[in-house]
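Step one of this worksheet: look at the structure below.
The values are calculated or read from the model by the stated rules, or taken from the named source; none is laboratory data. Keep in mind it's a predicted model, so treat the numbers as computed, not measured. Cβ placement follows ideal geometry from the backbone for every residue including glycine, while neighbour counts extend to all protein chains displayed.
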Amino acid sequence: MKYFTLIVLFVLFSCGYKEDILLPKSDVTVVADVQDHSPIYIFFRTKDKDTLAEVNRKNSIISTNWILNIDKRLPLRLVVPQVIKLQQKKREEKAHKNEKAENYYSYADSIGKNLAFIPFTNVYYKMKKPTAAVIYFNKNNEVLIENAIVKKEKVKEVLIQILSREQANDFSFGFHRNLSFGSYLQNKIFIESLHLDFKSKEEFIY
């Protein structure tokens, strides 16, 4: 899919009018192609002074890979509860369950000029503050490790030192609840680029 089609991506016609989703962007492709998939859309909406996240999953099929196309402007506090509901529905499905089916977020690859994807099948979201150690992305999109701000270019070095400790790879990731989904996805791609092994699959939004 060429990039010019991704500037305002996913023109979806429903109820007689078109709707647009602004996807996050990155210069890295994590996954280039997903076969046998169903699209799910989470739209950015406003009502009076409120921002709303509106889900459209009418074309989703449980047994397929799910691709979530989420507007980058939405804050995590609105997006993640909807994602939790979708994950729960798929995990609890028995009749048409496909163990090989994955869940992906979509984004625009600004270098490859393609649609790209990042998996989140095994992530378990928690809308609360963790009790254990966490690598936290705050509202200013800074990285805090053990409550100290660490420059992104130094994150891997610091984490390698921490991971040398016993059970240190039990670290979870935390994100400020008002961080935009666009910033969150860029941070997810950044974490992926570190190529470090973490036991915990939990992510905390608070």
Here are the criteria: (1) under 22 Å from L86 (Cα atoms); (2) of a type outside the set (K, R); (3) in the same structural domain as P39 (by TED's automatic domain parsing). Tell me which single one S183 does not satisfy.
(3)
Meets criteria (of a type in the set (D, E, K, R), loosely packed, with under 15 Cβ neighbours inside 10 Å and within 27 Å of A32 (Cβ to Cβ)) for E99:
yes
Across the stretch 45-60, the tally of residues that are in contact with a helix residue (DSSP H, G or I) (Cβ under 9 Å, 6 or more places away or on another chain), of a type outside the set (S, T, Y) and closer than 19 Å to L115 by Cβ stands at 1
Any chance S172 is buried (at least 18 other Cβ atoms within 10 Å of the Cβ), modelled with pLDDT under 95 and either not assigned by TED's automatic domain parsing to the domain that holds L86 or not polar (S, T, N, Q) (or both):
yes
What single numbered condition from (1) touching a residue at least 12 places away in the same chain (Cβ under 8 Å); (2) exposed (fewer than 15 other Cβ atoms within 10 Å of the Cβ); (3) closer than 16 Å to N187 by Cβ fails to hold for K128?
(3)
Any chance S193 is hydroxyl-bearing (S, T, Y), assigned to a helix (DSSP H, G or I) and surrounded by 17 or more Cβ atoms within 10 Å (Cβ to Cβ)
no
Confirm whether N122 is over 16 Å from Q186 (Cα atoms), touching a residue at least 12 places away in the same chain (Cβ under 8 Å) and not aromatic (F, W, Y).
yes
